[in-house]
Amino acid sequence: MLAICAAIVFAIAGFKLRDQAVRATAIEQAKLCAVHLRNAPDGELSIHAAALVDRYKPLIGVAVLDSKGRPASVLPELGGLRKFAAQAAHEFNEPVTASVDLAGESSWMTAVRTALHVDRPGESRQLVFMFEGKATAANWLTSSAMFGLLVLVLGVFAVEGAIMWLGENVVHPVQKLCDVDKKPSPDHCEQIQQRSSLNEIGQLARAFQNLCIQVSDARARIKKVEQTSRQIIDKSEDNHNKELQRAKDQATTDSLTRLRNRRFLEEELDSIFEGQRRIGRDFSIVMLDLDNFKHLNDTQGHKAGDELLNFTGALIRGAIRQEDYAIRYGGDEFALLLPDTSSDEAARVAERIVSLFRQYTAFVLTGSKQVTISAGVASLTQNPYASSGKALMARADEALYKSKHDGKCKVSTVAV
């Protein structure tokens with residue numbers, strides 16, 4: 001009778017060890033999978049999860065839980081997996097095992113629910129990872145029978161004291177050995193060795209402890225390498241983006257006036273126009289042209305002309321806002337792109353430029369025909385049928401021509 005009881009104890013202990021090993025493996029696999037999905041953007045989490053299922057063979061499926069802890073999406077979308085994920089969603093860091101029906105075949109599976117923490121403080125996403133692999137009932141019965149047979153044979157040839165010795169020196173130390181990975185300390189291993197007179201169990205405990213410490217150190221090194229790699233990548237991307245922006249600015253900036261050049265206008269005009277029209281905000285274009293500039297070049301030389309163009313660029317930069325765009329359109333022709341600006345507001349900006357420019361040239365340029373600026377203004381609100389930024393710019397050019405025709409040094413507007 002005592003031998004039968006001991007057989008049952010050994011069978012239960014053997015099953016518990018095997019079940020704990022399966023659970024521990026599932027938890028570690030879930031942690032590794034969580035590392036792969038940690039940096040996945042919210043909108044691409046399902047895509048990355050599907051790729052992980054295809055690539056990592058032990059992983060059968062992944063369920064993303066909503067805020068109420070229910071499966072919002074299951075990859076792959078199978079009824080058996082969804083039902084199993086819903087069952088596992090009620091457990092946190094406690095593996096759930098069950099027989100799941102997949103494509104008409106029953107398979108034992110283990111599921112782990114884990115929190116996928118993101119970089120934003122206080123936010124996390126809950127996932128359920130489902131893995132195939134758990135001791136089947138048949139294997140359990142076979143193992144239990146072998147344990148029972150072994151203990152029965154020992155019970156026939158051993159006395160009650162021998163059985164008690166086995167319980168004291170084998171069963172209890174082995175159960176404590178299962179906890180070494182939870183508290184891998186020298187004191188814990190010493191307790192196992194003192195509890196058992198079998199030196200091999202103590203040695204096994206120490207070896208297992210060293211293995212746990214090595215695994216812990218390896219994880220720490222991996223985490224450090226990941227952090228260092230991410231920092232290097234982020235820094236490299238930041239430097240690359242800055243270089244690209246610097247190169248783009250150089251390619252779209254006029255060196256003489258330090259304003260944007262015609263290339264910038266051709267690349268960005270329609271985009272700015274469509275953006276303003278899409279959000280229902282006004283958008284104005286001002287065309288500026290220097291009057292009598294050719295006469296200045298002919299009488300005082302190109303150096304005087306370049307100095308005046310340089311001043312014009314500085315004047316225009318000081319007259320507009322940071323969100324506006326100033327472009328040198330041609331030799332002595334300029335364009336202003338003014339988002340969120342009405343026709344009247346744009347006209348006031350143009351009049352300020354015309355007035356200040358006239359005051360400057362009257363004081364600086366002597367002995368020559370006075371150089372002034374004429375301006376034309378067109379806005380999206382007053383020209384609602386303009387189909388593109390280029391069409392609106394053509395309307396501003398018409399207004400500029402009107403200013404020239406009416407005597408120069410003027411600001412004109414056009415409307416439908």
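The values are calculated or read from the model by the stated rules, or taken from the named source; none is laboratory data. Remember, it's a predicted structure, so these values are computed and weren't measured experimentally. Cβ placement follows ideal geometry from the backbone for every residue including glycine, while neighbour counts extend to all protein chains displayed.
A few points about this structure:
- G69 falls short on exactly one of the conditions (1) in contact (Cβ under 8 Å) with a residue 40 or more places away in the chain; (2) within 16 Å of V22 (Cβ to Cβ); (3) surrounded by fewer than 16 Cβ atoms within 10 Å (Cβ to Cβ), and that condition is (2).
- Wholly enclosed helices (runs of 4 or more DSSP H) of segment 1-110 bearing at least 1 residues within 30 Å of M164 (Cβ to Cβ) and either modelled with pLDDT of 75 or more or not β-branched (V, I, T) (or both): 2-37
- Some residue of segment 337-354 being polar (S, T, N, Q) and either more than 22 Å from G389 (Cβ to Cβ) or touching a His at 6+ places or on another chain (Cβ under 8 Å) (or both): no
- If you go through segment 65-79 and keep only what is under 14 Å from R113 (Cβ atoms) and touching a strand residue (DSSP E or B) at 6+ places or on another chain (Cβ under 6 Å), you end up with L65, D66, P71, A72, V74.
- Residue in segment 267-277 that is among the small types (G, A, S), more than 19 Å from Q359 (Cβ to Cβ) and assigned to a helix (DSSP H, G or I) present: yes
- Against the list (1) assigned to a loop (DSSP other than H, G, I, E, B); (2) of a type outside the set (V, I, T); (3) under 15 Å from F283 (Cα atoms), the condition C409 fails is (3).
- Checking G376, G305 one by one, the residue that is touching a helix residue (DSSP H, G or I) at 6+ places or on another chain (Cβ under 9 Å), of a type in the set (G, A, S) and without any contact (Cβ under 8 Å) to a residue 40 or more places away in the chain is G305 and no other.
- Residue that is touching a Leu at 6+ places or on another chain (Cβ under 9 Å) and among the charged types (D, E, K, R), where the choices are R55, R125: R125
- Filter result for N292 (under 22 Å from S412 (Cα atoms) and out of contact with any Leu (no Cβ under 9 Å at 6 or more places or on another chain)): yes
- The residue that is surrounded by the most Cβ atoms within 10 Å (Cβ to Cβ), counting only those in segment 250-284 that are of a type in the set (S, T, N, Q) and out of contact with any Pro (no Cβ under 7 Å at 6 or more places or on another chain), is S284.
- Matching entry among K242, K182 (being at pLDDT below 75, closer than 30 Å to I327 by Cα, outside the structural domain of N39 (by TED's automatic domain parsing) and loosely packed, with under 11 Cβ neighbours inside 10 Å): K242
- Taking the criterion of being among the polar types (S, T, N, Q), within 52 Å of the chain's Cα centre (by Cα) and buried (at least 16 other Cβ atoms within 10 Å of the Cβ), the residues of segment 386-416 that qualify are S412, T413.
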